[in-house]
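Beneath this line is the structure, given in structure tokens, with notes to follow.
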Amino acid sequence: MTARTNALPWPSIDQLPRVICAKINRHFAVAESAAVYVQRWWRTLKGRDCKPIPTRAVESFAGGYGGPLHRMLLKSPVFYSEKLDGTNVGKMSDGTLLGRRQEIEPSATTYQRCPLEPLRECSTADCLQELMAALTDDESKICRGALYGELCCNFGLYDYAARSLAKTWQAFGAVFQFADVEAASAAAARGASNGFACVSDKDSPVVVVANSLTMRDLLRKHNIPAVRAEAAGSLCALVSQKKAWMTSESGEGLVVTVGGTPPHRSYKWKISREPQSSAIRSLADLRSSLASGEDKQQFRPLLAPEVHTLLSDLYDVATHVDSLAAAEAAKAASDSARTQTVDAAAVHAAIASACTKFDSLDASFAASGQAAVPKLAAMLQQEVLADKDLELPEGAKERKQAEKEVGALIKRFVGEQFGKWCALRAES
């Protein structure tokens, strides 16, 4: 693996249940504040000394209006595709391959124990060229671009082998870096007008073209293997429609992109096998308070009936008893005896995710032997502690203890993997 950093990574995305709960809670908070302002205004009016609501007060309502919330949940078009469990790998126009954190060595023949020859031979340049033309007339404003896909390195999972997905690369989108924020914003708007799902932030020169029906057709036109995108009428409709699939343990989950007014927004919706304690807690607290809590029960009428059903469906999916839960719970219980401030199961999930951001551990063992163990442990600890899905305590003392426990679990994991590698090497 080359030491060159990937300057155009596929961005991480937030968990759908957490985002929905946060938006609903924000709506409730704004509704409560607005009620207070209306009461004050009415009292002032009755006193015949009417004063307008301060501008700063109105501005504080941002992100909490009911109209945009219900448009997002009930009316905005939605694209979705299966979230394959592997690692993101990008391919630039010049053939450069991109891992999640670093560029892949040009001479490498494998990555994460998967052959790279099929990806190197896959012609993606024409597809990228057509996609760039859909975003802008002035391609000189594009600094770099890459077509991204999932390298299915976890080939023993689900039915990947039966579907001939094991060890293959399946495209799902593209990333472009523009010369400036203005060019990126214009490109996102133009791309959306051409039917693409363009995700961008107002302060970033990067545009992500997420999977969509238009993207699916483009990839098919250029004979590029891809994750199939589908459409749903709304988020509420999608969750209702895919609830059974999400509890059937047929895949890791879905990537969901919500359309409407550009830019689009993408989220991940994972099955219960994936640790998501924060999402479960958010859903449980919100549902409980809406059902019986005096603080939020008054807000029930502010949400359409479909939204209440949405929250119940998301909770059912997140708390579904997975068939592998018992085995995972036993493993977590063994490690929990060593931890006090972190969820061992969540740490293991974060370690598994971190391991996909570089080449396989075996590659490092083969190159450096035992000397690779401490280096890999330090690298994985940095990634795990930065994982947004891993909850760590906020207090300085508790945080320090948590980092110590995480470090111990990682060292144990890397040590075990090195031992397995040595055993396999001795047998061969």
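Six or more apart or on different chains, Cβ atoms under 9 Å: show the pairs whose first residue is in the range 145-164 and of a type in the set (D, E, K, R) and whose second is assigned to a strand (DSSP E or B).
Matching pairs, first to second residue: E150/T87; E150/N88; E150/V89; E150/W169; E150/Q170; E150/A171; E150/F172.
Take the range 125-141 and flag every residue that is open to solvent by 20 Å² or more (accessible area, probe 1.4 Å) and of a type in the set (G, A, S).
A125, A133, S140
Yes or no, residue by residue, for (1) in contact with a Leu (Cβ under 9 Å, 6 or more places away or on another chain); (2) at pLDDT 95 or above:
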position	(1), (2)
R43	no, no
P52	no, no
V58	no, no
G86	yes, no
V89	yes, yes
L97	yes, yes
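Quick one: what pairs do we get from the range 298-317, first residue over 15 Å from S288 (Cβ atoms), second part of a helix (DSSP H, G or I) and open to solvent by less than 10 Å² (accessible area, probe 1.4 Å), C-beta under 6 Å, 6+ apart or different chains?
Close Cβ pairs (under 6 Å, with a partner that is part of a helix (DSSP H, G or I) and open to solvent by less than 10 Å² (accessible area, probe 1.4 Å)) amount to V307/L73; L310/V239; D313/V239; V317/M246.
Looking only at the range 231-270, count every residue that is of a type in the set (A, V, I, L, M, F, W, C), surrounded by fewer than 16 Cβ atoms within 10 Å (Cβ to Cβ) and over 21 Å from F155 (Cα atoms) and tell me the total.
3
Mind checking which residues of the range 6-18 are open to solvent by 20 Å² or more (accessible area, probe 1.4 Å) and either β-branched (V, I, T) or in a loop (DSSP other than H, G, I, E, B) (or both)?
Listed by number, the residues that qualify are A7, P9, W10, P11, S12, I13.
Those residues that are farther than 18 Å from E82 by Cβ and open to solvent by 10 Å² or more (accessible area, probe 1.4 Å), I need them from the range 162-192; list them, please.
Within the range 162-192, Q177, A179, D180, V181, E182, A183, S185, A186, A189, R190, A192 qualify.
Within the range 61-97, which residues are in contact with an Asp or Glu (Cβ under 7 Å, 6 or more places away or on another chain), open to solvent by 20 Å² or more (accessible area, probe 1.4 Å) and of a type in the set (A, V, I, L, M)?
Within the range 61-97, L74 is the sole residue that qualifies.
Does the range 398-406 contain any residue that is part of a helix (DSSP H, G or I), open to solvent by less than 50 Å² (accessible area, probe 1.4 Å) and farther than 26 Å from S12 by Cβ?
no
Out of all the residues in the range 265-284, is one or more within 19 Å of V199 (Cβ to Cβ), hydroxyl-bearing (S, T, Y) and at pLDDT 85 or above?
yes
Are any residues in the range 324-366 of a type outside the set (D, E), at pLDDT 85 or above and more than 28 Å from G395 (Cβ to Cβ), and if so, which ones?
Scanning the range 324-366 gives C355, T356, K357, F358, S360, L361, A363, S364, F365, A366.
Since S282 meets every condition but one in (1) without any contact (Cβ under 8 Å) to a residue 24 or more places away in the chain; (2) open to solvent by 20 Å² or more (accessible area, probe 1.4 Å); (3) polar (S, T, N, Q); (4) assigned to a helix (DSSP H, G or I), which condition does it not meet?
(1)
Can you tell me which residue within the range 351-379, out of those that are under 19 Å from the mean Cα position of the chain (by Cα), open to solvent by less than 40 Å² (accessible area, probe 1.4 Å) and not β-branched (V, I, T), is nearest to A279 (Cα to Cα)?
The extreme case among them is S353.
Do we find a residue being on the phi < 0 side of the Ramachandran plot, open to solvent by 60 Å² or more (accessible area, probe 1.4 Å) and over 25 Å from the mean Cα position of the chain (by Cα) anywhere in the range 154-161?
no
Could you run through the range 165-203 and say how many residues are out of contact with any Phe, Trp or Tyr (no Cβ under 9 Å at 6 or more places or on another chain) and in a loop (DSSP other than H, G, I, E, B)?
8
For the range 199-213, what are the residues that are surrounded by 17 or more Cβ atoms within 10 Å (Cβ to Cβ) and either more than 21 Å from the chain's Cα centre (by Cα) or modelled with pLDDT under 95 (or both)?
Selection gives V199, S200.
When the range 83-135 is examined, which residues are found to be of a type in the set (A, V, I, L, M) and either in a helix (DSSP H, G or I) or at positive phi (or both)?
Within the range 83-135, the subset of a type in the set (A, V, I, L, M) is 84, 89, 92, 97-98, 104, 108, 116, 119, 125, 128, 131-135.
Correct list: L119, A125, L128, L131, M132, A133, A134, L135.
The values are calculated or read from the model by the stated rules, or taken from the named source; none is laboratory data. Please read these numbers as outputs of a predicted model, since none were measured by experiment. Because the Cβ atoms are built from the backbone with ideal geometry, glycine has one as well, and the counts that use them run over all protein chains shown. Heavy atoms of the whole protein, side chains included, go into the accessibility calculation; ligands, DNA and RNA do not. Shrake-Rupley method; radii C 1.70, N 1.55, O 1.52, S 1.80 Å.
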